[in-house]
Amino acid sequence: MKRVLLVCAADCSELEQRLVRAGCITTTVNNGAEAIFRAKHESIDTVLLVSTGNEMDVAETALNLSDINSSLEIIIVVEPKRSEQQAAQTAVIQHAIPETRILTVQQLSQYLSRQSER
């Protein structure tokens, strides 16, 4: 079973339920600092970044997580029509951490379906 850290400053209970249905062991935190702490102290296979709160943005969180564990799978969930700021952040992340996946909620659902079939 995959151990997934869901980082979401808002209510992501529906997404958390999808992860559980896909067979993931899921831990949810509501900010980037807590995600970094967990990545340092727990065994995690995948980090799913939705939103990280006010103290640390998604790009900073992803870069710190990659520094902690370069083999950690990082998936960033974005809106289908991204704002300029979100598009710029994801471009920085993809340049710095090319293996990072940038997915919409629909693409994430398809990804989870494929993962649960394995």
(request) Would you mention how many residues in the stretch 80-117 are in contact with a strand residue (DSSP E or B) (Cβ under 7 Å, 6 or more places away or on another chain) and in a loop (DSSP other than H, G, I, E, B)? (result) 3
(request) Can you give me the number of residues within the stretch 7-57 that are open to solvent by 60 Å² or more (accessible area, probe 1.4 Å) and of a type in the set (A, V, I, L, M)? (result) 3
(message) Within the stretch 42-57, take every residue that is modelled with pLDDT of 90 or more and assigned to a loop (DSSP other than H, G, I, E, B) and give me the one that is nearest to residue 31 (Cα to Cα).
(response) 50
(message) Looking at the structure I just gave you, is residue 60 under 25 Å from residue 114 (Cα atoms), assigned to a helix (DSSP H, G or I) and of a type in the set (D, E, K, R)?
(response) no
(request) Would you be able to tell me the number of residues in the stretch 33-57 that are closer than 18 Å to residue 13 by Cα and small (Gly, Ala, Ser)? (result) 3
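The values are calculated or read from the model by the stated rules, or taken from the named source; none is laboratory data. Given the structure is predicted, the values throughout are model-derived calculations rather than measurements. A quick note on method: Cβ atoms are made from the backbone with ideal geometry, for glycine too, and the neighbour counts reach across all protein chains shown. For the accessible areas, the whole protein counts, side chains as well, though only heavy atoms, and no ligand, DNA or RNA atoms are used. Shrake-Rupley method; radii C 1.70, N 1.55, O 1.52, S 1.80 Å.
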